[in-house]
Amino acid sequence: MSSVTTKIPTKSLLRLFISSPPKPPISHFSSTATAEARTQKLERIADELLDLTKLERYDYSILFRLKLGLNRYGPAVSGASSAAPSAPGSGSGAAESKAAEKTAFDIKLEKFDAAAKIKIIKEVRAFTELGLKEAKDLVEKVPVVVKKGVGKEEADGIIKKLQELGATVVLE
């Protein structure tokens, strides 16, 4: 297969590679002074974030997600506009709908019968896919969340099995 080459004029190449620096987008709603102030503010915030330690950045990310109304599983409230309240008297209705919308639950092992410890470890291994040592360490840390983000049906089955073995389990 033969290759076809085309000769591009040198002036065109120079214009492609040596171009003027990109210009900032033109804003019809603000003056250049406010745009520069906004840019300086964002640069200051970015510099401050970069100066934080790893632990402080982690704490900040959690705080930022909470301020935005997000949690681990996505938006806290579904709908077109979660920031605007629908009506002043509908606060209790919104709380009830949030509780009804919860689809992911955490299973917390509160306490267990010492005689059933081995059976509980085996059961925890079965639904968490942990190794023997990890499951044993997890069970010995009671009270502890043994599984996070579980659906309602799966959580009910796990809780029933653990309660049959003599454990006290809470659905969060």
Quote the convex hull volume per residue of segment 107-151, based on C-alpha atoms, as a whole number of Å³. 67
Taking amide H positions as placed 1.01 Å from N in the peptide plane, with prolines and chain starts having none, which residues 5 or more places from Val146, or on another chain, fall under 5 Å of its amide H? Ile107, Lys108, Leu109
Given a 1.4 angstrom probe, what's the average accessible area per residue across segment 110-157, in square angstrom? 65
On a full-extension model of 0.36 nm per residue, what is the gain between Lys102 and Arg65, subtracting their alpha-carbon distance, rounded to one decimal in nm? 11.5 nm
With label points set 7 Å from each Cα along the Cα-to-Cβ direction at Glu129 and Lys160, the distance between them in nm comes to 2.3
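The values are calculated or read from the model by the stated rules, or taken from the named source; none is laboratory data. Just so it is clear, the structure is predicted and the values come from calculations on it, not from any experiment. All Cβ positions, glycine included, derive from the backbone under ideal geometry; neighbour counts span all protein chains shown. Each accessible area value is taken on the protein alone, full model and side chains, heavy atoms only, with ligands, DNA and RNA left out. Shrake-Rupley method; radii C 1.70, N 1.55, O 1.52, S 1.80 Å.
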